[in-house]
Structure formats: structure tokens, C-alpha cells
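**Q** Can you read through this structure? Questions will come right after.
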Amino acid sequence: MLDRPRASNPDLLEAALEGLAATPKRMSPKWFYDDAGSALFEVITELPEYYPTRTEAGILRDRAGDLAGYAEAGAALVELGSGASVKTRILLDALPQLASYVPLDISAEFLAQAANDLAADYLRLAVTPIVADFMAPIALPEPLAATQKLLFFPGSTIGNLERSEAGDLLARLRDWPNVSAFVLGVDLVKDTDRLVAAYDDAAGVTAAFNMNLLARLNREALADFDCDAFRHEARWNAGASRIEMHLVSRRNQTVRLGGQSFGFSKGESLHTECSHKYTVDGLRKLAGDAGWSVAETWTDAEDLFAVAILTPDAGGRPG
């Protein structure tokens with residue numbers, strides 16, 4: 001008897017089996033970022049509707065030099081979910097005292113390419129990429145543990161986490177040794193139409209990014225999604241202060257993977273991402289509960305986006 005083909009990504013298969021069995025059906029947004037998804041996201045950041053990237057970059061260009069007081073000579077810049085490391089260059093240019101750059105990302109090939117590009121352009125830096133899921137505990141290499149670190153988490157990625165998850169992540173990072181400061185990008189609450197447009201662009205790139213998850217499930221988890229039978233939808237959830245992305249079934253259908261079958265009714269969705277929007281006061285509470293103080297908050301002229309500088313609270317993290 002021939003063996004049944006095995007999924008090339010058992011972790012993705014396990015996550016999909018759990019997510020499709022849930023009510024409502026859901027998947028973590030971390031699964032967006034295979035090589036195709038990572039490349040699509042870089043295109044999204046250039047779209048006219050997608051204000052976060054250019055707004056945050058503008059804030060950093062104006063204010064990155066102010067970070068000099070948080071990074072001594074020989075310090076390391078550690079970036080979570082680094083992607084193409086585009087905004088990283090703004091910090092590296094403004095902080096020549098940095099000796100090393102440590103990007104963490106879940107997409108191995110994309111991470112390697114970005115790290116190689118940066119190493120070629122910044123010969124003074126020791127570039128050490130780490131393939132890691134920042135939602136899981138991360139064991140820092142020993143030399144890095146003893147080095148002063150400036151943490152960088154741009155792009156409002158923290159908004160993709162539930163409030164409890166965001167708090168847990170901040171608390172884990174608070175326990176890292178020798179962290180001088182944490183540079184955190186946060187998208188702010190604003191006009192609903194502008195928010196929805198940023199996640200449902202006219203060119204359909206965000207839709208392709210969302211739909212790529214189904215293609216990845218078919219390829220790596222041996223699912224049989226009919227991608228044409230789903231559509232992308234962005235929704236504003238006012239009660240939770242978040243944008244949600246969904247893949248909505250166009251008809252009644254059954255999807256199979258891992259030897260199991262999952263029914264979708266017409267109009268039922270697979271919830272693929274949340275992007276929580278914060279107020280400055282809400283951010284202060286989130287950070288404070290995890291043992292950080294908000295030392296500075298930088299915003300653009302329209303108050304669309306904030307870059308917060310967190311420092312470890314001298315009182316430590318609450319027990």
C-alpha cells in the first residue's frame with residue numbers, strides 16, 4: 001500500500017486543523033509570511049492607501065537621532081519580525097555607534113536575503129539573523145545576552161496580537177537582560193473609512209496577500225481549498241478597536257486536509273488577521289502592565305501613527 005503524502009509543513013497543518021475546527025474558524029496571521037506572502041506585503045507597504053509604513057518611516061527619519069542616548073557604543077539593534085528591514089536602515093544610519101544587528105523573522109529565506117543585503121551595505125555591523133517566531137520564548141545567543149540591546153518592533157505588528165498576547169510578549173521582552181530601550185510602532189485609532197481602505201486597496205494587493213494563505217495551505221498542508229470560492233474582506237470591529245481580515249466563502253463547500261473535512265457555509269469566513277488600533281493612553285497601560293515605562297511618544301502631524309520609546313520600569317515587572 002502506498003503511503004499517504006505527508007504535509008511539508010506539519011506545524012502549519014497542526015495550526016490549520018486547530019483553526020478550522022474552532023468557532024469561528026481562524027488562522028494566525030504569522031502564516032501569511034511565506035516567501036510569496038512576504039514579497040506581497042512589501043508591495044502593500046508602497047500602496048497609496050497603506051499609510052502606516054510611510055508615516056512611521058517619516059517619524060523615524062525625523063526623530064531617529066534622538067535614540068542616541070539609548071544606545072551606547074557597541075550596542076546591538078534587535079528587530080522582531082524584521083521582514084525586508086527597510087525602516088531598519090533609518091536607525092542604522094542615525095546610530096553609527098551600533099556594532100551589531102540581529103533580525104528575527106519567521107520566513108527563513110526572506111530573512112537571509114534581507115540580512116545579506118544589510119551586511120553588504122553596513123560593513124561595520126555584525127549581522128546575525130535568527131529564524132524565530134517571536135510569539136514563542138527565544139533563547140538569545142550568549143554574546144548577545146551580555147550586550148546592551150535596543151529593541152525594534154516597527155510596523156504596528158503588535159496590533160496583530162490580541163491584547164493579552166501583546167501584554168505577554170512585552171512581558172517576555174522585559175525579562176531580556178541588558179535592554180536599554182524598546183522602539184515600538186503603534187497604529188492609532190482614526191477615521192473608519194481610512195482604516196478599511198488601508199486593508200482593502202483598490203489594486204487588490206491585500207486581497208492577494210490574504211488569499212495566498214489558502215495557496216500555502218494547499219501547497220504545504222495538502223489542503224484542497226478552491227481559492228476561487230473565497231473572497232477577501234476587511235471589516236472594522238468598533239467594539240474591539242480593530243480591523244479584521246477575513247476570507248469569506250462564496251458558496252456552501254467542504255475543504256479537506258489532514259484526513260479531515262471542514263464545512264463552510266455560504267458567507268462563512270476564515271478569520272485571518274486582526275489589527276488592533278491603540279490610543280496613547282491605551283498603549284501606556286499595556287506597557288505599564290508588562291513592566292515598561294513610555295519614555296517618549298512620537299507622532300506624525302495627523303496623529304495617524306505613533307512610535308513609542310519604552311524603557312524598563314525600574315520597579316520591575318509585576319508578578
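The values are calculated or read from the model by the stated rules, or taken from the named source; none is laboratory data. Remember, predicted model here, so these are calculated numbers, not experimental data. A quick note on method: Cβ atoms are made from the backbone with ideal geometry, for glycine too, and the neighbour counts reach across all protein chains shown. With ligands, DNA and RNA removed, areas are computed over all heavy atoms of the protein, side chains included. Shrake-Rupley method; radii C 1.70, N 1.55, O 1.52, S 1.80 Å.
**Q** Any idea which of (1) of a type outside the set (D, E, K, R); (2) closer than 29 Å to ARG194 by Cα; (3) at pLDDT 95 or above is the one THR88 doesn't satisfy?
**A** (3)
**Q** Do you know which of the residues in region 99-135 that are open to solvent by less than 30 Å² (accessible area, probe 1.4 Å) and either touching a residue at least 60 places away in the same chain (Cβ under 8 Å) or of a type in the set (S, T, N, Q) (or both) is nearest to PHE32 (Cα to Cα)?
**A** SER107
**Q** Now a separate question. Among the residues in region 91-98, are any out of contact with any Cys (no Cβ under 8 Å at 6 or more places or on another chain), in a loop (DSSP other than H, G, I, E, B) and open to solvent by less than 20 Å² (accessible area, probe 1.4 Å)?
**A** Within region 91-98 (the criterion being out of contact with any Cys (no Cβ under 8 Å at 6 or more places or on another chain), in a loop (DSSP other than H, G, I, E, B) and open to solvent by less than 20 Å² (accessible area, probe 1.4 Å)), the answer is yes, since at least one residue qualifies.
**Q** Can you find a residue in region 69-84 that is among the aliphatic types (A, V, I, L, M), out of contact with any helix residue (DSSP H, G or I) (no Cβ under 8 Å at 6 or more places or on another chain) and buried (at least 19 other Cβ atoms within 10 Å of the Cβ)?
**A** yes
**Q** Within the bounds of region 166-189, is there any residue that is surrounded by fewer than 21 Cβ atoms within 10 Å (Cβ to Cβ), over 25 Å from LEU104 (Cα atoms) and of a type in the set (Ser, Thr, Tyr)?
**A** Within region 166-189, not a single residue is surrounded by fewer than 21 Cβ atoms within 10 Å (Cβ to Cβ), over 25 Å from LEU104 (Cα atoms) and of a type in the set (Ser, Thr, Tyr).
Conditions (1) closer than 26 Å to THR88 by Cα; (2) modelled with pLDDT under 95, marked per residue:
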residue: LEU161; (1), (2): yes, yes
residue: GLY167; (1), (2): yes, no
residue: LEU170; (1), (2): yes, no
residue: VAL183; (1), (2): yes, no
residue: ALA198; (1), (2): yes, no
residue: ALA203; (1), (2): no, no
residue: ASN210; (1), (2): yes, no
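**Q** Out of region 139-166, which residues are in a loop (DSSP other than H, G, I, E, B) and under 16 Å from the mean Cα position of the chain (by Cα)?
**A** Matches in region 139-166: PRO154, GLY155, SER156, LEU161, GLU162.
**Q** Continuing with this model, one more query. Which one of the conditions (1) buried (at least 19 other Cβ atoms within 10 Å of the Cβ); (2) modelled with pLDDT of 95 or more does THR157 fail to meet, given that it meets all the rest?
**A** (2)
**Q** I've got another one for you. Keeping to region 190-244, report how many residues are within 29 Å of PHE305 (Cβ to Cβ), open to solvent by less than 40 Å² (accessible area, probe 1.4 Å) and in a loop (DSSP other than H, G, I, E, B).
**A** Of the residues in region 190-244, 6 are within 29 Å of PHE305 (Cβ to Cβ), open to solvent by less than 40 Å² (accessible area, probe 1.4 Å) and in a loop (DSSP other than H, G, I, E, B).
**Q** With respect to the numbered conditions (1) assigned to a helix (DSSP H, G or I); (2) surrounded by fewer than 18 Cβ atoms within 10 Å (Cβ to Cβ), which one is the sole condition not fulfilled by GLY37?
**A** Failed condition: (2).
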